[in-house]
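Every number in this text was worked out from the coordinates using simple rules, so none of it is lab data. No experiment lies behind these values; they were computed from the predicted model shown. All Cβ positions, even for glycine, are placed from backbone atoms using ideal geometry, and neighbour counts span all protein chains on display.
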Amino acid sequence: MSLAKEFLANFTDANGGAKYLEILQEVANRKSRAIQVALQDIINYKGLDEFHEFMTRLTENTRRYVSIFSSAIDELLPEPTEAFPDDDHDILMTQRAENGTDNADVYFKAPSKGRPSTIREVKASHIGQLVRIAGIVTHCSDVKPLMAVAVYTCEDCGHEIYQEVTSRVFMPLFKCSSSRCRVNSKAGNPILQLRASKFLKFQEAKMQELAEHVPKGHIPRSMTVHLRGELTRKVVAPGDVVEFSGIFLPIPYTGFKALRAGLVADTYLEATAVTHFKKKYEEYEFQKDEEEQITRLAEDGDIYNKLSRSLAPEIYGHEDIKSFASLACGCSSQAVKGWDEDVLKHIAFIYIRGDVHICLMGDPGVAKSQLLKHIINVAPRGVYTTGKGSSGVGLTAAVMRDQVTNEMVLEGGALVLADMGICAIDEFDKMDESDRTAIHEVMEQQTLFLLQPIQPGRYDLRRTPAKNINLPPALLSRFDLLWLILVRADMDSDLELAKHVLHVHQTQESPALGFEPLETNILRCEEIIPIRSTGVRGVHSNSLLEHQARRTKSKTPHSYTTVRTLLSILRISAALARLRFSESVAQSDVDEALRLMQMSKISLYADDRQKAGLDAISDTYSIIRDEAARSNKTHVSYANALNWISRKGYSEAQLKECLEEYAALNVWQIDPNTFDIRFI
Ligand SMILES: Nc1ncnc2c1ncn2[C@@H]1O[C@H](COP(=O)(O)OP(=O)(O)OP(=O)(O)O)[C@@H](O)[C@H]1O
C-alpha cells in the first residue's frame, strides 16, 4: 500500500499539477465519487522498471489492488474545503466513512498502447486480470440501483451493522453482532435500513466482437459487461463501438443453475473504463493533424478521385464501385434540402432521404466481400453480417427478457446496430424470403445504407436483372444502384489484375496510386465532415431533368426513369457536392451522378452496350471527356488519358484509334510528339 500512497500523493501531470490529490479533494468535497487511476500514469511516474513489479501484480490481481488503493485513498483523503448542508444524510455519510463503508469507487484504466484484445482472445488465464477489449455493444439494460452496503439496525440493542455486498445476490443478516446482544445471549433482530444502505448505479451491457475479428465462417462471440457508478450511461446505445478496460471475472451461477452447473461459472467483465471508438457522426472529434489533412484535401481539385481510389487500394479496378461506396459513406440521412421547386414537384415524397443503397452482384471471387469489409471499416458506424446467418429478427430487433431487470426489452439486430451508419449484408440472396421482407420498411425509411453482394451463380446477360437476381421488384426498386461485376475475358485487364495482386502479396502494400493513399482515419473524417454540412442547394432543375431525359432516350434497354431513379440522382449529386465541401450541387456533380447511374445500367446490360452504340471507341472518348470535364481540363496528357481508359478495361490500341477518329472529327487536336490531347 505504501507504493500506492506514494504514487497518489506525488504523481504530477504534464502541467505539474498533483492530479490525484486534486481528485481526492473533489471526492472529499463530495463533488465526485469516482477515482480513475490511469495505469499509463503509473508507468510514466517512475518509468517501467521501478514500478514494473507493482504494475504486473496490479494487472494480474486487479481486484485486490482496488481495495489496496481504496485503503490508500482513505488515508490520503483530505479534509473538505467546502461546507455542505448538515443533514441526516451527512450524519449517515459520516458514520459510513467511520465504518470504512463509504469508500470512493476506484477504477483502473489500462494503458492505451497497443491493440485491445478481441473477445475471442480473452481466456480463462485472464480471470482476475485487467484487460482491454474492443467490441460493439448489442444490448444495454436500464440503469438500476445495486446494493453495495446493506445497513441494519438491531431492534434489541440499536446497534448499526454494515454488510458489504459484492454480488447481485446476498444472504441478509439475521443475527446481531453487537457485544451487548452477545453478552445478553440474544440473537437480536437486525432490520435492514434501505435509506441508510449504500446503492451503486448498475447497468449491464452485452458486447459482441467486431466483424473484422470474426474468423470466416465463425459466429461472433459476445461478453457480458457490468457497469457501476460513474460508468453507467457511458455506453449510449446499442451499436456503439467501444473499448472497455475491466477486470475479467467469473460469475457463479445461483439457485438451481448452480446445482446443475457444478464448478462451471459464467464470466463477465467488471468495467473500469469505457472509450468510444467510433462515434456517431456528430460526436466525432477530429485530431489536429486530421483537420489539417482534411483542409489540404478540401483545396485539392482531385479529392473525389483520391477518396475513391484510397478505398481498398489493394483491390484492383472497380473504381466506379469504390467511387459510389465513398459516396455511400459520406451521404447523410439529412433530407436533401434546398432543391428548387421544379425538381421537387416531380417528386412524390415529402421527405427526401439522404442515404443510398447499393446492391452488388457478381460472379464468385470478384472481391465483393472484400469491398464490403473495407467500406464497413471506413464508415464511422458499420456492421457487417451475412444473409446466410441472419434472420429478419437478427436484422431488425428481438424482444428479449433482460437478465438484470427481468423485464422484456428490445435487443437490436444488425440494422439497429448500424443505425445512422452502414450495414453490409453479404450473400443477401441466401436469406429466407420471409426474413428479407423485414428490411423493406427499413430501407424505405432510410436509417441505413445497405451493400448486398448477391451471387446468382453465373449471371445470364440475356435475362433482366430481376430474373437473374430473384429478388422481388419491390425490394430491387429500393436500391439506388444495382452493380454487376462479371469475370469477362479481357487479356489486358487480367494481366493488370494479376500484376496488381502479385504486387500486393509480395510487398504487402498496394501499387503506387500516383498520390499518397488516404489513411482510413482520414477517409472516415472525410466521410463525416460533409455529413455535418447543412443540406445542399440543388442545381437548376431543367438541366437535371434534361440530362436525365437525354440519358433515358439512349438505346440502353430497361432504362426507364422512375421517381426513385430521380431521387437517387438527387442523393448521389448531393453526396458528391458534400465530398467537395460544397454547399451547392454543381453541374459536374449531376454529370458524375448520371455517369455512375449509367455505368451501373451498363454493367447490368453489358452486351447491350454494343447495341446501344456505346462501342469501345465511343466509350473511350466518353471516359476521356468525362474525366477531363470533372477535373476541368481542356488539355489532357497522354499518360492521364491512358490511365483513365485502362482503368475501364480498355487498351492503349483502342485509345490510339479513338484519338485518331476524334481528331479527324475536329473534336480535339493531338500533339504529334507526345500524343497529348487538347480539346477544341
Ligand atoms: N479485383 C481484385 N483485386 C484484388 N484482389 C481480388 C480482386 N478480385 C478478387 N480478389 C481476391 O479474390 C479473393 C476473393 O474475394 P472475395 O471473397 O471478396 O470475393 P467474392 O466476390 O465475395 O466471392 P464470393 O462471391 O464467393 O463470396 C480475395 O482474396 C480477393 O482479395
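Convex hull of alpha carbon positions in the stretch 26-65: directionally averaged projected area 3.5 nm². From most to least packed by mean Cβ count within 10 Å, the peptides 661-674, 566-579 give 566-579, 661-674.
If the segment from residue 30 to residue 634 were pulled out straight at 0.36 nm per residue, it would be longer than the present Cα-Cα gap by 210.4 nm. Sorted from longest to shortest, the spans of the Cα atoms of the stretch 180-252 along the three principal axes equal 70, 25, 16 Å.
Residues 119, 425, arranged from fewest to most other Cβ atoms within 10 angstrom of their Cβ, appear as 119, 425.
Go through 8-17, 106-115 and give me the packing order, highest mean Cβ count within 10 Å leading.
106-115, 8-17
Restricting the trypsin sites (Lys or Arg not before Pro) of the stretch 1-72 to loop positions (DSSP other than H, G, I, E, B) with no more than 15 neighbouring Cβ atoms within 10 Å leaves 30, 31, 33. Taking other C-beta atoms within 10 Å as the exposure proxy, 226, 52 rank 52, 226 from fewest upward. Would you mind counting up the charge near residue 430? Only other residues with Cβ under 12 Å from its Cβ, with Lys and Arg at +1 and Asp and Glu at -1. Net charge in that neighbourhood comes out at -4. A P(r) calculated from all alpha carbon pairs of the stretch 1-78, with 5 Å bins opening at zero, reads 3, 15, 27, 27, 18, 8, 2, 0 percent.
Largest first, the extents of the alpha carbon coordinates of the stretch 157-208 on the three principal axes equal 57, 19, 13 Å. The Cα center of the stretch 473-503 and the Cα center of the stretch 32-76 differ in position by 55 Å. Between residue 295 and residue 581, full extension at 0.36 nm per residue minus the direct alpha carbon distance yields a gain of 102.0 nm. FRET efficiency for residue 373 and residue 79, Cβ-Cβ distance as r, R0 = 45 Å, nearest 0.05? So, using R0 = 45 Å, E works out to roughly 0.20. Any idea what % of Cα-Cα pairs in the stretch 613-680 are farther than 19 Å? Roughly 19 percent, once rounded to a whole number. Distance between the pseudo-spin-label points of residue 159 and residue 653 (7 Å out from Cα toward the beta carbon): 10.2 nm. Over all distinct Cα-Cα pairs of the stretch 566-669, the Kirkwood formula returns a hydrodynamic radius of 14.9 Å. Each label point was placed 7 Å from the Cα along the Cα-to-Cβ direction; for residue 504 and residue 183 their separation is 8.4 nm. Extension gain, residue 127 to residue 265: 0.36 nm times the residue separation minus the Cα-Cα distance gives 48.5 nm. Over all directions, the projected convex hull of the C-alpha atoms in the stretch 117-170 averages 6.4 nm² in area.
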